[in-house]
Structures are given as structure tokens and as C-alpha cells.
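Novice: Dropping the structure in here first, questions after.
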Amino acid sequence: MLALRQKISTFAAENRESTPMTDSVKGYTLGVLAAASYGTNPLFALPLLGAGIDAFSVLFLRYFFAIPMLALMMVARGRGFGLRRGQVLPLFVLGILMALSSLTLYVSYAYIGAAIASTLLFIYPILVTVIMGLFFHERITLTTVLCIVLATTGIGLLYRGDDGAVLHPYGLLLVFLSALSYAIYLVAVNKGQMKDIPTLKLTLYVIVFGLFLFAFRFQPATFGILCARPLLWVSAFCMALFPTAVSLLCTSAAIQKIGSTPVAILGAVEPVTAVAIAILIFNEQLTLRLALGMLLVILSVTFIIAGGSATTHHLLRVRKMFPRLRRRQR
């Protein structure tokens with residue numbers, strides 16, 4: 001009987017250990033879920049914007065609901081909330097950068113649509129590479145140059161539709177500013193004292209400080225709109241849950257199973273998800289020319305990530321959020 005129990009115990013222990021193939025499947029699945037979750041921004045933001053709530057108030061709701069979610073995640077991981085004095089000001093600046101990136105993206109939806117805006121935002125890895133080359137003397141390879149040309153060609157196709165109409169220049173400028181703000185943020189969080197802060201804590205304080213920007217312009221009439229249409233509360237909550245909490249959790253778990261570079265490449269699912277939502281749910285138009293332009297932008301960024309470890313390092317700051325816990329020696 002004792003021998004049978006030992007065999008059962010051994011079998012259960014062996015089956016608790018994931019095989020490399022199982023880890024790979026789980027990792028890629030989690031990577032896709034992470035990118036797809038972040039790509040749901042239009043799904044939850046557009047109904048709020050369409051109800052007459054301004055972008056400042058929509059983002060206030062997103063950041064406000066995201067704070068307790070991230071705080072609970074920190075408590076669950078046993079993280080402390082303390083900061084050193086020299087970390088407060090840099091975190092405040094990072095919070096403003098992140099808030100500006102979110103704000104310019106949401107405002108751009110009104111000018112060029114969520115599908116094109118989400119695709120153009122995806123150029124931020126290229127901007128990270130350019131910033132690192134211009135200001136931190138990292139080598140810009142021929143592949144990088146070709147990818148920039150490919151992305152520029154894609155943007156050119158997006159700029160003018162099949163009917164000859166051009167995209168609103170203000171909308172294009174807003175998306176570029178959004179991508180640039182996020183690229184600067186990604187570079188900054190890997191420099192100085194910021195690189196030593198666990199990503200979960202860093203993200204929490206970035207959102208806390210970013211909330212201040214939206215609090216000054218929050219419209220009290222927002223509560224009246226939400227109470228008149230209760231389903232909008234669901235949109236506001238999900239806007240914080242999926243693009244923030246779920247995306248971060250899945251990204252971290254995927255990195256642990258398959259590594260940083262594959263997860264970064266799977267980020268291409270993000271704009272694809274946003275485009276699908278904009279077309280299928282919000283009836284935005286997709287012509288062959290626009291589809292080709294989006295494809296060129298996504299391919300150019302994918303090649304950048306696949307060929308540059310330095311770029312991947314900056315794109316996946318989340319790697320420190322949930323480090324592997326060492327097993328205690330028995």
C-alpha cells in the first residue's frame with residue numbers, strides 16, 4: 001500500500017512539472033492574450049467617448065480604476081509601496097509622459113479612427129531604436145534603416161485612402177506624439193534609478209501621478225452620463241482591467257515561459273486586435289490600400305524587434321514585475 005502511494009505521489013509530481021512543449025504553448029498563448037488585451041482599448045474607450053465624455057474624463061476613469069487593481073497585485077506578490085526620495089520626481093515625469101501618450105491617442109480617435117490610430121501607434125519600437133541610436137550611441141543597423149523605410153511607406157499608404165481623401169493632419173500628429181511619448185517613457189524607465197524599481201511598483205506610481213493630469217480636467221457631468229447609461233460603468237471598469245491588469249499579468253507570465261523576444265514580436269497582435277474591433281464593432285472602413293499600409297507598418301516593427309536585442313530590452317520593462325521565486329531547498 002505504501003509503495004502504491006509513493007507511485008501515485010511520484011506520478012502526480014511528474015505531471016505537475018510542465019514539459020518544454022507545454023510551456024511553449026502556454027507562453028505563446030499568454031503572449032497573444034497580453035497583446036490582444038491591450039488592443040481592446042477602442043472596444044471600451046469608444047463607447048465612453050461616443051456618449052459625450054471627453055478624453056480627459058475617460059482616462060481619469062481608466063487610471064482611477066487601474067490603481068486599486070495594481071495595488072492588489074502588489075499586495076498579492078508581497079511587494080512594498082515605499083519609494084526613495086530621489087525616485088519621486090522622475091516617477092512624476094514618467095507619469096506625465098504616460099498620461100500624454102494615452103491622451104493624444106484617445107483624442108486622435110475622433111480625427112482618424114481607432115483602426116489607423118492603433119496601427120500608427122505601433123511604430124513606437126522604431127522610435128525607441130532611433131532614440132537609442134541618436135542619444136545613446138547604439139548602432140543603427142541596415143535592417144533598422146530598411147524597417148524605417150518600410151514603415152514610412154506603410155504610413156504613406158495610410159495617409160491617402162482609395163478615394164483620394166487624406167487623413168486629418170492633426171490626427172496624425174496626435175498619434176505620432178502618442179508614440180513618441182511612449183517611446184521616451186520606455187527609454188527612461190530603463191535608465192538611472194528607474195531601472196531598479198520593480199515594474200509593477202513603477203507602473204502603479206506612473207498611473208497615480210498620471211491621474212493628476214486628468215483630475216484637473218475631469219468633468220463632473222461624467223457621473224450623470226454614467227448613471228443614465230449604467231453599461232458605461234462596465235466599459236470604464238473593463239478599460240482598466242483588460243488593457244492594464246490582464247495585459248501586464250499575461251505579459252509577465254509569457255516572458256517567463258518563452259522569453260522576451262517572442263513576446264515582443266507577438267505584440268503585433270495588439271494593433272490587429274484594435275483594427276478588428278474598430279471594423280467589426282464600430283463599422284470603420286478598411287480598404288485594400290489601408291490594409292496594405294497597416295501590414296507594412298506591423299511587419300517593419302516586427303523585423304525591428306526580431307533583429308534587435310537592445311530594442312526588445314526596452315520594450316519589455318515588464319520583465320521585472322513577477323520574477324521567478326526560487327524554491328526552498330529541503
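Novice: Residues of segment 238-279 being of a type in the set (Gly, Ala, Ser), at pLDDT 85 or above, open to solvent by 10 Å² or more (accessible area, probe 1.4 Å) and out of contact with any Ser or Thr (no Cβ under 6 Å at 6 or more places or on another chain), which ones?
Specialist: ALA276
Novice: Consider only pairs whose beta carbons are under 9 Å apart and that are at least six residues apart or on different chains; among these, list those whose first residue lies in segment 81-93 and is within 10 Å of LYS201 (Cα to Cα) and whose second residue is outside any helix (DSSP H, G or I).
Specialist: Short answer, once both residue conditions are applied: LEU83/ILE197.
Novice: Name the one entry in LEU134, LEU150, LEU120 that is surrounded by fewer than 23 Cβ atoms within 10 Å (Cβ to Cβ) and within 21 Å of GLY267 (Cα to Cα).
Specialist: LEU150
Novice: I'd like to check which helices (runs of 4 or more DSSP H) are fully inside segment 55-142 and have at least 2 residues that are farther than 26 Å from GLY307 by Cα.
Specialist: 55-76, 85-112, 114-121
Novice: When only residues in segment 33-67 that are touching a Cys at 6+ places or on another chain (Cβ under 8 Å) and among the polar types (S, T, N, Q) count, which is surrounded by the fewest Cβ atoms within 10 Å (Cβ to Cβ)?
Specialist: This residue is THR40.
Novice: Next up: Among (1) within 23 Å of THR40 (Cβ to Cβ); (2) buried (at least 18 other Cβ atoms within 10 Å of the Cβ), there is one condition PHE282 misses while meeting the rest; what is its number?
Specialist: Unmet for PHE282, out of (1) within 23 Å of THR40 (Cβ to Cβ); (2) buried (at least 18 other Cβ atoms within 10 Å of the Cβ): (2).
Novice: With (1) without any contact (Cβ under 8 Å) to a residue 12 or more places away in the chain; (2) open to solvent by 30 Å² or more (accessible area, probe 1.4 Å); (3) more than 17 Å from LEU292 (Cβ to Cβ) as the list, and VAL166 as the residue in question, which single condition is left unmet?
Specialist: For VAL166, the exception is condition (3).
The values are calculated or read from the model by the stated rules, or taken from the named source; none is laboratory data. What you are looking at is a predicted structure, and each value in this text was computed from that prediction instead of being measured. Using ideal geometry, Cβ is built from the backbone for each residue, glycine included, and neighbour counts are taken over all protein chains shown. We work out accessible area using only protein heavy atoms, side chains counted, and drop any ligands, DNA or RNA first. Shrake-Rupley method; radii C 1.70, N 1.55, O 1.52, S 1.80 Å.
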